[in-house]
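Below: one structure, written as structure tokens.
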Amino acid sequence: MTSAAIVVIAVKIAFVLAFMLLLAAVAPWADRRQSAMVQDRIGPERAVLYLPAWLVSALLFLPAAVAAGALIMVLMGAPAGPAEVVAGRLVERITGALELAILVCWLSLMVLAAHVRRRGAVNGFEQAVGRLDPRHYFYAGLVLHLLCLPVARALPEPALRAGAQAAGIIAGIAMMASGLYAASKVPAGKVGVRLLGLLHVVADVVKLLFKEDLRPKGSDRLLHALGPLLALFAPLLTIAVVPFGSTLCFKDNGNRVLDFADLAQLAGDVGRSGTCRAGYHSVHLQVAELNVGLLFIFAVAGTGIIGAAVAGWASDNKFSLLGGLRATSQMVSYEVALGLAAVGPLVVYGSVQLRAIVDWQGSHAWGIFVQPLAFLLFFAASVAETRRVPFDLPEGESEIVAGYVLEYSGMKFGMFFLGEYLEFIFSSVLLVTLFLGGYHLPFLGPGGLDVAIGTTSLLHLPMSHLAVSLLHVAAFAGKVVFVTWFLVFIRWTLPRFRYDQLMALGWKTLLPLGLGNILLTGLVVLALASGGKDVDAVLQTAGDVTQALVALGALVALVILITWLLEPPRYGRFVQSSSARQAASSGGVETAARRVGRDRGFRPRPGSSRTGVRCGPGLRARSRSRPPDEPGVGMRERLLAKGARLDG
């Protein structure tokens, strides 16, 4: 193995670890924000870092200026290769630069319009921008994105070079202008940076680093320290076999060995096959490519049981031991359901190698359409495996205090906390890989965008090998983030199961359904295998239709999401307790109290301006004094009226 190959492996490991740890740091913040929204309280906003104004301005302007300069320098250069290849790359450069310029423009105007509506305008430009609803800039940007696609193709071939340079200059100016205007909005003096509460995660890590590491007197010293390490072992090792992008092709310089000179010669185009041609080195975006990838994941993931069991037993605490027993029985039970749910897709894919599974979904249909029941079973079992709400019985605070992590503090507790979130994120990675197409996007092949339904081609947009590879990595990361957010949303919307309900769901519901899905999948696969080429053509057309549905659904969902986020906020209670609903149906809290008192025979004293209910000898639950003819009003209206009289 050459030094260049070692560097490539190190870069892939660093990327995977950085992605997992970054998402594991953001996930607790998302948990807190979600809980704040549901419970109607202030979210994680208290952690603040005060920076001088010049530093904040530099942090806003310099990245935009550097990115704009790099973009202009790249687009000013002339691509090498045959005339057809050069023309295709110039078209791609023009389209990409114009799309980037449009994105920067409408996003900057949208943010500025929302800022003006909250804080007001300080000049004529902001006043003009604030006249339009922020959503209008988003809609205009979508229209311009669609209209920009045929612009580069309409240019004559001699004008492509000048068009690419002009598009680069336009995109660079847009980026620099946005960064400069954002930097100019920074007020003088010290500026408090909160980053939407993300600094809370940094504060938690610093706090855990300096906390005392307490250990119970009767605990096992070795096993007590080994438990947190075992909790981190499984998720960090299993992510190594998951492909997070397509294969990169580097041209060989003649020595048939991958060296640093080859890494600078990335293939410009790999065609629609996606395989590297002769004389090229293949670099898979995957740390370790195993032909038993999924079996390796199930084998290593089972070691997570040991960490919880060891932590519960070594703590010398009955609540910790109960938590460890709960975690062990729960994980063993749902690993059975998890494995059975994965058998059906494996029968369809015909391989346990993860890259082959992902490529099958890219060329046919995503697993969620091929195996919908298996997706639901795998989803439920994976949530239970990660011991999150509503399956968090091993850490049930109302029953066993904190479960197997009760006797842990400092960074040992932080390692358990991090391990739980890493397992949580890896379950999202596995769901994306097995059922959501992995790194594939609808109609995005190795040669570019190719929209086709069956044998009918609707659109073909050639793209470079680098652009397709970057989109694949971005698609994988985006899917994982979306599934992770969805799992966070479930945490705050479902109640906790009882332990008998938890076991019954795993053994009496998920297990029989998994076995039934395996039987049904086998029968369907055998029936389709005997159908011939006509059945294969129909299935391929159906797969293309599902790709179109995914593309249209994602676009519509994105539009709806951004439109909803840009709506003016409306404050209102959407969760109401049963007691509040009962009181409201009785005409209000005060009316209900008077009715109870009247039904029990209690009456206010004659001539008294106070109303109330006698609770016992010498006791009276009284409300605020008011004239007898004053209508019943709420506490808020009475306080406002009192304040108005004081002000007057």
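Of all residues in region 357-383, those being of a type outside the set (Gly, Ala, Ser), open to solvent by less than 10 Å² (accessible area, probe 1.4 Å) and touching a Ser or Thr at 6+ places or on another chain (Cβ under 7 Å) number 2. Is at least one residue of region 285-294 open to solvent by less than 60 Å² (accessible area, probe 1.4 Å) and in contact with a strand residue (DSSP E or B) (Cβ under 8 Å, 6 or more places away or on another chain)? Within region 285-294, one or more residues are open to solvent by less than 60 Å² (accessible area, probe 1.4 Å) and in contact with a strand residue (DSSP E or B) (Cβ under 8 Å, 6 or more places away or on another chain).
Take Ala87 and tell me if it is assigned to a loop (DSSP other than H, G, I, E, B), in contact (Cβ under 8 Å) with a residue 40 or more places away in the chain and either among the acidic types (Asp, Glu) or surrounded by fewer than 19 Cβ atoms within 10 Å (Cβ to Cβ) (or both). No; evaluated as a whole, the condition is false for this residue. If you check Ala174, Ala159, Ala182, Ala167 for being touching a Cys at 6+ places or on another chain (Cβ under 8 Å) and assigned to a helix (DSSP H, G or I), only one passes: Ala174. Identify all residues within region 336-356 that are open to solvent by less than 40 Å² (accessible area, probe 1.4 Å), in contact (Cβ under 8 Å) with a residue 60 or more places away in the chain and in contact with a Ser or Thr (Cβ under 7 Å, 6 or more places away or on another chain); write none if there are none. Passing the criteria: Gly344, Val348, Leu354.
Taking the numbered list (1) on the phi > 0 side of the Ramachandran plot; (2) surrounded by 21 or more Cβ atoms within 10 Å (Cβ to Cβ) in turn, Gly410 passes all entries but (2). Considering region 302-346 alone, what residues qualify as being polar (S, T, N, Q) and in a helix (DSSP H, G or I)? Ser320, Thr328, Ser329, Gln330, Ser333, listed by residue number. Condition check for Ile6 on (1) at pLDDT 90 or above; (2) surrounded by fewer than 15 Cβ atoms within 10 Å (Cβ to Cβ): one failure, at (1). The set of residues in region 203-213 that are touching a helix residue (DSSP H, G or I) at 6+ places or on another chain (Cβ under 8 Å) and closer than 24 Å to Pro52 by Cβ is empty. Cβ-Cβ contacts under 9 Å between residues 6 or more apart (or on different chains), taken from a first residue in region 114-130 that is open to solvent by less than 30 Å² (accessible area, probe 1.4 Å) to a second residue that is of a type in the set (A, V, I, L, M) and part of a loop (DSSP other than H, G, I, E, B), are listed as Ala114/Leu566; Val116/Val122; Val129/Ala121; Gly130/Ala121. For Met463, the conditions (1) closer than 30 Å to Phe296 by Cβ; (2) crowded, with 21+ Cβ neighbours inside 10 Å; (3) in contact (Cβ under 8 Å) with a residue 60 or more places away in the chain all hold with the exception of (1). In region 357-375, of all residues being of a type in the set (A, V, I, L, M, F, W, C) and free of Cβ contacts under 8 Å to residues at least 40 places away in the same chain, the one that is nearest to Leu539 (Cα to Cα) corresponds to Val370. Hey, could you check region 129-154 for residues that are charged (D, E, K, R) and part of a helix (DSSP H, G or I) and say which is nearest to Ala87 (Cα to Cα)? Here the answer is Arg153.
The values are calculated or read from the model by the stated rules, or taken from the named source; none is laboratory data. In this text the structure is predicted, and so the values were computed from the model without any measurement. As a convention, Cβ positions derive from the backbone with ideal geometry for all residues, glycine included, and neighbour counts pool all protein chains shown. Heads up: the accessible areas ignore ligands, DNA and RNA and are worked out on the full protein's heavy atoms, side chains in. Shrake-Rupley method; radii C 1.70, N 1.55, O 1.52, S 1.80 Å.
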